[in-house]
Amino acid sequence: MCGIVGYVGTKDAYPLIIKGLQLLEYRGYDSAGIATYNGKLRVFKKKGKVKDLINLVKESSVPEGTIGIGHTRWATHGLPNDINAHPHLSGDGKLVLIHNGIIENYNVLKEALKKEGHEFISETDTEVLVHLIEETQKRTGLPIEEAVRVALTKVVGAYAIIVMDTDEPDKLVAARKGSPLVLGIGEDEFFIASDPTPIIEHTQKVVFLNDEEIAVVQRSGDFQIKDIDNRIQTPFIQELDMKIAELGKGDFDYYMQKEIYEQPKTIEDCMRGRVNAHEGWVMLSGIKEFSERISKAKRFIVAACGTSWHAGLIGEYLIEELARIPVEVEYASELRYRNPIINSDDVVIALSQSGETADTLAALGLAKEKGALIYGVVNAVGSSIARMTDAGSYIHAGPEIGVASTKAFTGQVTLLTIMAMCLGYERGTIPRSYYLQLIEELANIPSKVARVLENSKKIEYIAGEIKEATNALYLGRGYNFPVALEGALKLKEISYIHAEGYPAAEMKHGPIALIDENMPVIVIATNKSAYEKIVSNIQEVKARKGVVIAVVTEGDKIISDIADYTIEIPDTDEPLTPLLSVIPLQLLSYYIAVMRGCNVDQPRNLAKSVTVE
Ligand code: G6P
């Protein structure tokens, strides 16, 4: 939520910051703003997207200066409008601040500041913060980095901030707690951003700030990091291995489309060094160090949100079937607030694409306090979740920019499949012949995903047939039940059609009442077990004139004869089915959203990285 960028160095700040904001726009797109300084402070703010900000700037002259900050907003406090857009200024107009997060005690602080004569023009919590720093500076006469540190001791909530002081125009001050912030170290220049994407074109040398750290970067090339208690910290400088080409759309119209089509490769990348069909083994170095504790765990608890939660449900089916370890899958937001029973012999798995989701982070904090082993399955390298876990595995899907998650989902499911197989093998709960069969089949999955993608014309046609629907139902059994949930979520997210996912058999307990000739029912019907049951479910829908779109295994005649439309996917072992059956559902949502004229990559009200509760 909200993307922030800062630059100080020798180059023109404006184009660098605008480009950075465009790369961070997936984090929020309600409004955008920028401030630069070149003897004179220039601030531009605009409701809407970064392109609206660019148009606003075009109406006057492009702001000059080699220092600046920029923001793209996902509104929390106050409507998305020009006034509430960041940056926000202190009362005397000398301090400029951008913020990602929520200041929970902003009302108390605001009232106290009002008594000191401060006046506020926006409805945001952020404006309170910049006034608080101004007041601290006024009272103490401290340099800006110290004033920021002291002011932050009074703040409750989450923040990633960058502050520019026009009285000290060669430095930027940045701080974080709960919201991510990365420092890029170039030659006589520094970049600060919510994630590394705006930085990597300029330098791969980065420092991920930790919670309650304050960094000051100077044009001279000096920088220093302190904690909130004024102790100097030794920065951990890392070299990233990210390519700028990974951040483009390539020949695709949308990031989501590109990411759907990348899946044969991203699944392969996730398996690299972990699955060897030739020699017949799977391994996960993440579980090696704690293998005793993990394989003897009494219980696994998966904590996740959104699409990652759906991947977690598939993980439950996989781990329980193959490794016979009980698994509970929790919405991270629920887990953290319900005083759950978590023991020291539990393993808590955090699933997160971004590695920054506030609820997942908080749930992990709780699990850690209770002594459980924390395992991260994360995409974003160096993210907060990746850094707070005891052990973990990256899914190596590369940057996912489309707000609706696709390749991260299949990466998470691939990783959980490997984990379940490793544990099953170690615990002796999976027969060797089946283990070898699954390994061989897993290695075939990327080419089978590619085959599903070749079917896109038919899926596009079906999308055209149902694009006017106002509701849709997704049904699946067993491994395909979480896929039904994910299919429904994809449709809701990007096309704004109301959709629900259900276990096929549960249809009789409510949703069947909704079925009529206007209701598309998407049935994921590739199951070998309970095949007859799913055929009966389809018959029940047809008897009520529902429009059935069935995802079936290649060569299926029975369902093809009953359903209105069928989408075939290659045959595979049941535990691996989700990796194939989710692909047509991703494409179906994508085409429907495009046909309805929706902004596929930036659906309304959503953000990719949910760093607020
Ligand atoms: C947001 C995104 C979803 C994502 C969820 C969890 O809602 O729009 O695509 O699944 O957050 O995010 P995470 O980064 O923790 O997987």
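Read-outs throughout are calculated quantities, based only on the coordinates presented, and are distinct from any laboratory measurement. Please read these numbers as outputs of a predicted model, since none were measured by experiment. Positions of Cβ are backbone-derived with ideal geometry, glycine not excepted, and every protein chain shown enters the neighbour counts.
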Beyond 43 Å, what share of the Cα-Cα pairs of the chain is found? Please give it as a whole percent. 25 percent
What distance in nm separates the simple spin-label points at I232 and R604, each placed 7 Å from Cα in the Cβ direction? 5.3 nm
More than 22 angstrom apart: percent of Cα pairs within the range 255-450: 42 percent
Degrees, to the nearest 10: 13-24 long Cα axis against longest axis of the chain: 30 degrees
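Ranking request for peptides 513-526, 360-373, 594-607: highest mean number of other beta-carbon atoms within 10 Å first, then the rest in descending order.
The packing order, highest mean first, is 513-526, 360-373, 594-607.
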Return the FRET efficiency for the residue pair S536, Q437: r is the Cβ-Cβ distance, R0 is 30 Å, and the value is rounded to the nearest 0.05. 0.55
Low-density loop positions, trypsin sites (Lys or Arg not before Pro), the range 272-332 - DSSP coil, at most 15 other Cβ in 10 Å: R272, K296, K298, R324
Cα-only Rg/Rh for the range 31-99 with Kirkwood Rh rounds to 0.95
If R0 = 25 Å, then D82 and Q218, at their Cβ-Cβ distance, give a FRET efficiency to the nearest 0.05 of 0.20
Extension reserve of the K557-R427 stretch, reckoned as 0.36 nm per residue once the Cα distance is removed: 42.9 nm
So if I average 1/r over every pair of distinct C-alpha atoms in the range 455-604 and take the inverse, what Kirkwood radius in Å does that give? 14.9 Å
Looking at the chain only, what percent of DSSP beta bridges run antiparallel? Nearest 5 please. 60 percent
May I ask you to derive the FRET efficiency for T153 and R387 from their Cβ-Cβ distance with R0 = 25 Å, giving the value to the nearest 0.05? 0.60
Taking a label point 7 Å from the Cα of N343 along Cα-to-Cβ, the residues of the range 298-319 whose backbone nitrogen sits under 14 Å from it are 298-301
Helix 106-115 vs. the chain, principal-axis angle (Cα, 0 to 90°, nearest 10): 20 degrees
What percent do you get for the relative contact order of the range 255-450 when only Cα pairs under 8 Å and 6+ apart count? 32 percent
Looking at the range 22-71, which trypsin sites (Lys or Arg not before Pro) are DSSP coil and have at most 16 other C-beta atoms within 10 Å of their C-beta? K40
Given Cβ charges of +1 for Lys and Arg and -1 for Asp and Glu, the option among T429, G20, Y337 whose Cα lies farthest towards the positive end of the dipole of the chain is Y337
Expressed in nm², what is the orientationally averaged projection area of the convex hull enclosing the Cα positions of the range 1-60? 4.0 nm²
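In whole Å and largest first, what semi-axes does the C-alpha gyration tensor of the range 3-243 yield when each eigenvalue is scaled by 5 and square-rooted? Spell out each step's value before the answer.
On the way: eigenvalues 113, 94, 55 Å².
Sorted largest first and rounded, they come to 24, 22, 17 Å.
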Shape call for the range 476-531 from the C-alpha gyration tensor, a ≥ b ≥ c root eigenvalues: rounded (a/c under 1.5), prolate (a/b greater than b/c) or oblate? oblate
Kindly rank 560-573, 418-431 from highest to lowest mean number of other beta carbons found within 10 Å of each residue. 418-431, 560-573
Could you pull out every one of the lysines with an alpha carbon less than 23 Å from that of K46, ignoring same-chain neighbours closer than 8 positions? K19, K58, K94, K608
With Cα coordinates, the longest principal axis of the chain makes an angle with the long axis of helix 125-140, in degrees rounded to 10, of 30 degrees
